[in-house]
Amino acid sequence: ALIIVASSVFLLFFSAVKKTGLIDRFSSVEEVIGFIRKKGAFAALALYVVTLLQVVVLPIPGIVTFTAGVTVFGVFFGYLICFAGIFSGSLVAFFIGRKFGVKAVSFVIGENTLRSTLQKFNGKDKLFLTFAFLFPFFPDDALCFVAGLSSMSFRYFFFVVLITRLLSGAFSSLAVGGYLFPFDSWWGISLWVIFALLMGTFTYFVSRNTNKLRSFYILVKSKFKKITERGRRKTRERA
C-alpha cells in the first residue's frame with residue numbers, strides 16, 4: 001500500500017517537473033556532480049534522489065550517476081548510494097506499470113519507447129529481463145515499467161533486479177574508479193573497445209535469439225526437474 005501511494009505521488013510529481021523543464025537540467029556528469037556538492041550535508045540524499053529519478057524520469061544513462069557518485073563519495077559509498085537509488089527507482093517503475101497500466105507508462109517513458117520495448121518483451125518476460133539487466137545496450141529502466149505490465153510476479157522481479165543491479169552497479173563503480181582497465185593508456189582503451197564490441201555482439205545475439213534461449217532454458221529446467229524427482233524416488237525407496 002505504501003509503494004502504491006508513493007507511485008501515485010511520484011506520477012503527480014513527474015507531471016509537475018516535466019512541465020517546468022527541470023528534467024533537462026542534468027545533461028552531463030559535471031552538472032550532476034555540481035548539483036550534489038551544492039547540497040552539503042544532504043549530498044548523499046541528493047545523489048540518492050537523482051539516481052532514483054534517473055530510472056523513472058531523468059533521460060540520462062546510469063553511468064552518469066555512478067560516475068558522479070564515485071567522484072563525490074568514492075567507489076564504495078558512491079556505489080551503495082547509487083545502487084539504493086536505482087533499486088528503489090526500479091521498484092517504483094514496476095509498481096507504476098502494475099497499478100496504473102499502459103497509459104501511465106506511456107506518459108512517463110513515451111509511446112514509442114513503450115511500443116518498442118513491449119515488442120522485445122513479448123512472451124520472453126523472465127529470460128529477457130534477466131539478460132537485459134546484466135548486459136548493456138538494453139533499455140533496462142524502461143523494462144522496469146514494462147515488467148509491471150507483464151505477467152511477471154513482483155517476487156521474481158524483486159530478486160532479479162536486486163542481483164543484476166548489484167552486479168552491474170559494482171562493475172560501473174569499479175570501472176569509473178579505475179579498478180578495472182585504465183582509461184589513460186592505449187592498451188586499457190583497446191581492452192575497453194574490445195569489451196564494448198563483445199557486449200554489443202552478445203546483446204544483439206540475445207535480442208535476436210531469445211526464443212531459442214528460452215526453449216533451451218525450459219529444456220534444461222525440465223531435465224533438471226526429472227533428475228531431482230528420480231533422486232527423490234530412490235531416496236524414498238531406500239527408506
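The values are calculated or read from the model by the stated rules, or taken from the named source; none is laboratory data. Everything quoted here is computed from the prediction, not taken from an experiment. Every residue, glycine among them, receives a Cβ derived from its backbone with ideal geometry; neighbour counts consider all protein chains shown. What goes into the accessible areas is simple: the full protein's heavy atoms, side chains included, and nothing from ligands, DNA or RNA. Shrake-Rupley method; radii C 1.70, N 1.55, O 1.52, S 1.80 Å.
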Hits in the stretch 98-111 (condition: in a helix (DSSP H, G or I) and over 15 Å from the mean Cα position of the chain (by Cα)): R98, K99, F100, G101, V102, K103, A104, V105, S106, F107, V108, E111
Of all residues making up the stretch 142-160, the number that are part of a loop (DSSP other than H, G, I, E, B), open to solvent by 10 Å² or more (accessible area, probe 1.4 Å) and either of a type outside the set (S, T, Y) or farther than 22 Å from N112 by Cβ (or both): 2
Test result for R214, among the basic types (K, R), at pLDDT below 80, open to solvent by 80 Å² or more (accessible area, probe 1.4 Å) and in contact with a helix residue (DSSP H, G or I) (Cβ under 6 Å, 6 or more places away or on another chain): yes
Of all residues making up the stretch 89-106, the number that are surrounded by fewer than 19 Cβ atoms within 10 Å (Cβ to Cβ) and out of contact with any Gly (no Cβ under 8 Å at 6 or more places or on another chain): 4
All helices (runs of 4 or more DSSP H) inside the stretch 1-88 with 2 or more residues being exposed (fewer than 12 other Cβ atoms within 10 Å of the Cβ) and modelled with pLDDT under 85: 2-20
